[in-house]
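S.K.: Sharing a structure here in structure tokens format.
The values are calculated or read from the model by the stated rules, or taken from the named source; none is laboratory data. Because the structure is predicted, anything quoted here is derived from the model rather than measured. In this analysis, Cβ positions are derived from the backbone assuming ideal geometry, glycine residues included, and neighbour counts consider all displayed protein chains. For accessibility, only protein heavy atoms count, side chains too; no ligands or nucleic acids. Shrake-Rupley method; radii C 1.70, N 1.55, O 1.52, S 1.80 Å.
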Amino acid sequence: MTARVKVAGFGLSRLTEQQVVGHLIDALRDGQGGWVATPNVDICRAARRDPAVRELIGQASLTVADGMPLLWAARLRGTPLPERVTGASLIFSISAAAARHGQSVYLLGGEPGVPERAAEQLVRRYPGLRVAGTSAPPIGFDATERGVAQLRDRLTEARPDVVFVGLGCPKQERLITRLAPVLPTAWFIACGAAIPFAAGTLQRAPDWMQRAGLEWAYRLANEPRRLVRRYLLDDLPFAASLLASSAAYRLWAGAQSRSPHETGRP
């Protein structure tokens, strides 16, 4: 569907955020559904450890880089991506486009009351936006077929055009692959913490920290007990290894591409 760049074992779509939104709107107009994966460093690390996670992400219609280290790695490899595209931003840009084009959204994820609050904030921000429904399913709902079937029935009845699924990886991706077949003309967005961000119950880092690749530090400062191991002990070493291997690949590829004539050798 789009040009892709290989980073951390994933084919990342070479698209800007506005191009992603335009692609979704065009596909919805043509009655074509799909889903968007938004891997960051933590998801890439999980995928390297667990082939099942890698396979899940690989099924996405579009896979965009939700993490500055992935952009840096792509640049080091000599195959740059145009920009970072995050689930936390897509919930706003897609909702804005949906309001303009008369399409509906569904918010799935977050603590009880959070998706409803997010819906209120989005409607206030984008007049005319149609919210087809909200759901904050209890922990463990997806462990039984009945729990998934109840949610599937709600979605089938609501018939949204776009479903934002914010349950964390790989739970949200697994759920998307189970729900998407009943709404073949809808788009599902694996959006992580986007719903609490939209609700205002969780604050994003300032823009300058996002651009500098320091959003993780902001979140760590706000949720140290939950995130210290993930960010400092797991993700930072993985990111450093990813950048080093990307730079090494660029050097290797450059050496392989030189002909004997170019290197001055016989």
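S.K.: With the condition kept exactly as written, say whether any residue in region 140-155 is without any contact (Cβ under 8 Å) to a residue 24 or more places away in the chain, in contact with a helix residue (DSSP H, G or I) (Cβ under 8 Å, 6 or more places away or on another chain) and outside any helix (DSSP H, G or I).
M.R.: Yes; the residues of region 140-155 include at least one that is without any contact (Cβ under 8 Å) to a residue 24 or more places away in the chain, in contact with a helix residue (DSSP H, G or I) (Cβ under 8 Å, 6 or more places away or on another chain) and outside any helix (DSSP H, G or I).
S.K.: I'd like the full set of residues that are of a type in the set (A, V, I, L, M), out of contact with any Asp or Glu (no Cβ under 9 Å at 6 or more places or on another chain) and either within 18 Å of Arg154 (Cβ to Cβ) or modelled with pLDDT under 95 (or both), limited to region 81-130.
M.R.: First, the residues of region 81-130 that are of a type in the set (A, V, I, L, M): 81, 85, 88, 90-91, 94, 96-99, 105, 107-108, 114, 118-119, 122-123, 129.
Among the residues that remain, those that are also out of contact with any Asp or Glu (no Cβ under 9 Å at 6 or more places or on another chain) are: 81, 91, 94, 96-97, 99, 108, 114, 118-119, 122-123, 129.
Across region 81-130, the qualifying residues are Leu108, Val114, Ala118, Ala119.
S.K.: Name the single residue, out of those in region 203-258 being buried (at least 16 other Cβ atoms within 10 Å of the Cβ) and aromatic (Phe, Trp, Tyr), that is modelled with the lowest pLDDT.
M.R.: Filtering first and then ranking leaves Tyr249.
S.K.: Of the numbered conditions (1) assigned to a helix (DSSP H, G or I); (2) surrounded by fewer than 22 Cβ atoms within 10 Å (Cβ to Cβ), Glu111 fails exactly one; give the number of that condition.
M.R.: Failed condition: (1).
S.K.: Hey, another quick one. Just a yes or no: is a residue in region 115-125 touching a Ser or Thr at 6+ places or on another chain (Cβ under 6 Å), open to solvent by less than 50 Å² (accessible area, probe 1.4 Å) and either without any contact (Cβ under 8 Å) to a residue 24 or more places away in the chain or not in a helix (DSSP H, G or I) (or both)?
M.R.: yes
S.K.: Testing Leu71 on (1) farther than 13 Å from Cys191 by Cα; (2) under 17 Å from the mean Cα position of the chain (by Cα); (3) touching a residue at least 40 places away in the same chain (Cβ under 8 Å), one condition comes back false. Which one is that?
M.R.: Unmet for Leu71, out of (1) farther than 13 Å from Cys191 by Cα; (2) under 17 Å from the mean Cα position of the chain (by Cα); (3) touching a residue at least 40 places away in the same chain (Cβ under 8 Å): (3).
S.K.: Which fully enclosed helices (runs of 4 or more DSSP H) of region 166-266 have 3 or more residues being touching a residue at least 60 places away in the same chain (Cβ under 8 Å)? Talk me through it step by step, then tell me what you get.
M.R.: Numbers: elements: 171-179, 194-199, 207-211, 215-222, 224-228, 236-257, 260-263.
Because the criterion is at least 3 residues that are touching a residue at least 60 places away in the same chain (Cβ under 8 Å), the helices (runs of 4 or more DSSP H) in region 166-266 that meet it are 171-179, 194-199, 236-257.
S.K.: Of Gly58, Gly78, which residue is at pLDDT below 95 and farther than 20 Å from Leu175 by Cβ?
M.R.: On the way: Gly58 fails: farther than 20 Å from Leu175 by Cβ.
The conditions single out Gly78.
S.K.: Among the residues of region 205-260, count how many are of a type outside the set (A, V, I, L, M, F, W, C) and closer than 20 Å to Thr79 by Cβ.
M.R.: 10
S.K.: Then there's this: Counting only residues that are within 19 Å of Pro138 (Cα to Cα), in contact with a strand residue (DSSP E or B) (Cβ under 7 Å, 6 or more places away or on another chain) and open to solvent by 10 Å² or more (accessible area, probe 1.4 Å), how many does region 170-191 have?
M.R.: So the answer is 0.
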